[in-house]
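Student: Here it is: the structure, laid out below.
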Amino acid sequence: MARRYEQRARAEQQEQTRRRIVEAALELHRTAGPAASSFSAVADRAGVQRSTLYRHFPDDRALFLACSGLHLDQHPFPDAAPWRAIASPVARAEHGIAAVYAYWAQNEALIANVLRDAERDAVLHEVNELRMGEPMEAARDALVEAWPARERSPELVAAAALAVDFRTWQTLVRRSGLGQGAAAALMASSLAHAAERGA
């Protein structure tokens, strides 16, 4: 019994250490960006030795996966499935795009840093695509499917992908000064225009 208790206590301690490392890395990614978050910096922030960090995360990919997994557990990307209950294509687009834009606003610092650094880091790019590719496609598809099949042109698909993109939100809201609702309405109208052109 004593041995089993010691093993359980050791496992809990290891899990706490792992969690502390991931939280430290995630905060550094948010404030400085992954490219500026060396293993030494993460270890210092987490209060562990580098050797301890490497025992839990042997490489960048393992750490990026853990960080992105924790972030999405704490801040899940909007679920597009309920949007399908909205029959009107434009109303669905406004609702869905507004939900995505609210997510971008709440997680702006981290996402901006990750996307910036992923342009120069193939591993980070791969992990970001792994984590965000499917939810982004689901959001795009939920918007496109609101229109009749004859109107689902490549232009509409492209417009929907553009509408939910982080950099589109950044351009409309942060750089152009539109409100969240106005930005969502503008992109919803652009989807309607693309659908009319493709019909």
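The values are calculated or read from the model by the stated rules, or taken from the named source; none is laboratory data. Please read all numbers here as calculations on a predicted model, not as lab measurements. Here the Cβ is made from the backbone with ideal geometry for all residues, glycine too, and neighbour counts use every protein chain on show. When the accessible area is computed, the model is the full protein with side chains, heavy atoms only, and any ligands, DNA or RNA have been set aside. Shrake-Rupley method; radii C 1.70, N 1.55, O 1.52, S 1.80 Å.
Student: Under the Karplus relation 6.51 cos²θ - 1.76 cosθ + 1.60, θ = phi - 60°, what is the ordered set of whole-Hz ³J(HN,Hα) values for the range 66-71, x standing for Gly and Pro?
Tutor: 5, 5, 5, x, 5, 4
Student: Here's another thing I want to ask about it. Angle between the Cα long axis of helix 180-198 and the longest principal axis of the chain, 0 to 90 degrees, nearest 10?
Tutor: Taking Cα atoms only, the helix is inclined about 60 degrees.
Student: Under a Cβ-Cβ cut-off of 15 Å, what is the net charge of the residues other than residue 56 that fall near it, where Lys and Arg count +1 and Asp and Glu count -1?
Tutor: +3
Student: Within the set of other residues whose C-beta is less than 14 Å from the C-beta of residue 121, count the net charge using Lys and Arg as +1 and Asp and Glu as -1.
Tutor: -3
Student: Could you compute the net charge surrounding residue 71? Neighbours are other residues with a C-beta less than 11 Å from the C-beta of residue 71; K and R count +1, D and E count -1.
Tutor: For residues surrounding residue 71, the net value is -1.
Student: Next question. Pull out a ≥ b ≥ c, the square roots of the eigenvalues of the alpha-carbon gyration tensor of the range 1-97, then state rounded if a/c is under 1.5, prolate if not and a/b is larger than b/c, and oblate in the remaining case.
Tutor: It is oblate, given that a/c is not under 1.5 and a/b is not larger than b/c.
Student: Just to confirm the number: angle between the C-alpha axis of helix 89-106 and the first principal axis of the chain, 0 to 90 degrees, nearest 10?
Tutor: Between helix and principal axis, roughly 30 degrees.
Student: What distance in nm separates the simple spin-label points at residue 171 and residue 61, each placed 7 Å from Cα in the Cβ direction?
Tutor: Label at residue 171, label at residue 61, 3.3 nm between them.
Student: Report the charge-dipole magnitude of the range 58-199 in Debye, nearest 20, computed about the Cα centre from +1 at each Lys and Arg Cβ and -1 at each Asp and Glu Cβ.
Tutor: The calculated dipole for the range 58-199 is roughly 480 debye.
Student: Let me ask another. Order 141, 60, 73 by their accessible area, 1.4 angstrom probe, all chains in place, largest first.
Tutor: 73, 60, 141
Student: Between 0 and 90 degrees, rounded to the nearest ten: what's the tilt of helix 122-144 against the longest Cα principal axis of the chain?
Tutor: Value to nearest ten degrees: 30.
Student: A further question follows. What does the accessible area per residue of the range 1-132 come to in Å², with a 1.4 Å probe and no ligands, DNA or RNA counted?
Tutor: 57 Å²
Student: Shifting gears a bit: Which residue fluctuates most in the GNM of the chain (Cα springs below 10 Å): 159, 85, 24?
Tutor: Comparing 159, 85, 24 in a Gaussian network model of the chain, the most mobile one is 85.
Student: Between 167, 84, 175, find the one with the highest GNM mean-square fluctuation for the chain; connect C-alpha pairs within less than 10 Å.
Tutor: Of 167, 84, 175, the most mobile in the Gaussian network model is 175.
Student: I've got another one for you. Taking R0 as 30 Å, what FRET efficiency do you get between residue 13 and residue 108 from their Cβ-Cβ distance, rounded to the nearest 0.05?
Tutor: 0.30
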